[in-house]
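Down below is the structure, laid out as structure tokens.
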Amino acid sequence: MLDLAIIGGGPAGLTAGMYATRGGLKNVVMFEKGMPGGQITSSSEIENYPGVSGDMTGMELMEPWPEQCCKFGLIHKMDEVTRVSKEGNIFKIALTGGAFEEAKSVIICTGSTPKRAGFDGENEFFGKGVSTCATCDGFFYKNKEVAVLGGGDTALEEALYLSNICSKVYLIHRRDEFRASPATVERVRANDKIELVLNSTIDHVYGGVMGVDGVKVKDKNSGEIKDIPVPGIFVFAGMNVNNGVLKQEDGTYLCDLNDWGEVIVDLKMQTSTAGLFAAGDIRIEASKQVVCAAGDGATAGIGAIGYLE
Ligand code: FAD
Ligand code: NAP
């Protein structure tokens, strides 16, 4: 019987494990289907993690984390969790292959994954001009022109954020109506640094070894192709919240989620189910930053200790 099972080994899961074991919990296992480190390991540059300066890739940032976080007894098992359920006071952790583990408490740290839009060159230039994170990468385009794809709340809010940093933002959307909230749409329309490119899709992104040089945008009505020469394209085509492990056999979820599938937590990262915590990108109102995920993990680890006491 585990004191604590942590699902996911990104910044949130690793930090939760360190705090829980350093705080005295025994038998703490972090289930991570791949190498620990999380999605930041796919980033070619990170410069907003405090205490770390200079050129550093996400892989380099995360490289020392597993050793430090496992120093106090955290065990990493390279397994994919398929479901977490609860019987009485005990959580059951189902693994691929059919094995089960039991735990007295659980922290879910499986993150969320931005959707790709599917235009030509998107994958090729991902991390080299194509981004899904304005907070992470916007600064690299200070006083330059950028393009944003999408018409939801995220796209419009991030376009507004980028308009404070960049000289101009082209907001490309496939319809002439936005699904973002009216107040946000109004703010975007009133912002003279944002140019709307409506009824349009990105046909392809082009560039070279140094990165993106621009996008070719297709007008859906006329078929006309327009060139927008920008070094940065931000894609906000929606999110996949990795909440699948919480889905029960009857189709309900183990704890409360909001309308977008994010796990509802309180300030201690406690979910609506006693003993079940959630930390990092998977939770409501997440800032989706490494430093925030690590902070959540620490809070959840401390919360699990309190719950077991
Ligand atoms: P994740 O890092 O997503 O980790 C989740 C982990 O759970 C993964 O390792 C996954 O393999 C594992 N997992 C998922 N499901 C299961 C399962 N069923 N069983 C077992 N394991 C599972 N943030 C910054 O602060 N600065 C930046 O500059 C920055 N740049 C970024 C650039 C890119 C390209 C990307 C993609 C993200 C960037 N971010 C940046 C965001 C940052 O990576 C995330 O906010 C952070 O990683 C979230 O941490 P997390 O632990 O919540 O989730
Ligand atoms: P979203 O609402 O699903 O919007 C995704 C946008 O991307 C849509 O405008 C969609 O176009 C477009 N899109 C999707 N696939 C595309 C493709 N292949 N090519 C081109 N465009 C594509 O996602 P989100 O903005 O991330 O928001 C997710 C949820 O979180 C929403 O419910 C949102 O309200 C909520 N949210 C709320 C706030 C807030 O309240 N402040 C902030 C952020 C997010 P169509 O419109 O044509 O479908």
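Side notes on the structure shown:
- Of all residues in segment 276-285, those being over 14 Å from residue 17 (Cβ atoms) and either more than 7 Å from ligand 1 (Cβ to nearest atom) or over 9 Å from the mean Cα position of the chain (by Cα) (or both) number 5.
- Residue among 250, 259 that alone is within 16 Å of ligand 2 (Cβ to nearest atom), outside the structural domain of residue 179 (by TED's automatic domain parsing) and open to solvent by 10 Å² or more (accessible area, probe 1.4 Å): 259
- If you go through segment 106-128 and pick out every residue that is open to solvent by less than 40 Å² (accessible area, probe 1.4 Å) and part of a strand (DSSP E or B), you end up with 5.
- The lone exception for residue 229 - which of (1) surrounded by 15 or more Cβ atoms within 10 Å (Cβ to Cβ); (2) under 22 Å from residue 144 (Cβ atoms); (3) in contact with an Asp or Glu (Cβ under 9 Å, 6 or more places away or on another chain) it fails: (1)
- Within segment 139-151, the only residue that satisfies the criterion of being without any contact (Cβ under 8 Å) to a residue 40 or more places away in the chain and within 16 Å of ligand 1 (Cβ to nearest atom) is 142.
- Residue tally, condition open to solvent by 30 Å² or more (accessible area, probe 1.4 Å) and at negative phi, over segment 142-164: 9
- Residues satisfying the criterion are present in segment 69-81 (criterion: in the same structural domain as residue 271 (by TED's automatic domain parsing), part of a strand (DSSP E or B), under 20 Å from the mean Cα position of the chain (by Cα) and surrounded by 15 or more Cβ atoms within 10 Å (Cβ to Cβ)).
- Of all residues in segment 295-309 being buried (at least 21 other Cβ atoms within 10 Å of the Cβ) and of a type in the set (A, V, I, L, M, F, W, C), the one that is farthest from residue 89 (Cα to Cα): 300
- Residues within segment 82-96 that are in contact (Cβ under 8 Å) with a residue 12 or more places away in the chain and either acidic (Asp, Glu) or open to solvent by 40 Å² or more (accessible area, probe 1.4 Å) (or both), tallied: 6
- Taking the listed residues 117, 103, 99, the one that is more than 17 Å from residue 167 (Cα to Cα), at pLDDT 95 or above and within 16 Å of ligand 2 (Cβ to nearest atom) is 117, with no other qualifying.
- Whichever residue in segment 1-58 is open to solvent by less than 40 Å² (accessible area, probe 1.4 Å) and among the acidic types (Asp, Glu) and, among such residues, is farthest from ligand 1 (Cβ to nearest atom): 3
- Qualifying residue in segment 214-224 (condition: open to solvent by 40 Å² or more (accessible area, probe 1.4 Å) and in a helix (DSSP H, G or I)): no
- Filtered residue count, segment 262-285, keeping only those that are open to solvent by less than 10 Å² (accessible area, probe 1.4 Å) and either touching a Gly at 6+ places or on another chain (Cβ under 7 Å) or in a loop (DSSP other than H, G, I, E, B) (or both): 5
- Number of the condition not met by residue 125 [criteria: (1) within 19 Å of residue 208 (Cα to Cα); (2) more than 14 Å from ligand 1 (Cβ to nearest atom)]: (2)
The values are calculated or read from the model by the stated rules, or taken from the named source; none is laboratory data. These numbers come from a predicted model, not from an experiment. No Cβ is skipped: glycine too gets one built from the backbone with ideal geometry, and neighbour counts run over all protein chains shown. With ligands, DNA and RNA removed, areas are computed over all heavy atoms of the protein, side chains included. Shrake-Rupley method; radii C 1.70, N 1.55, O 1.52, S 1.80 Å.
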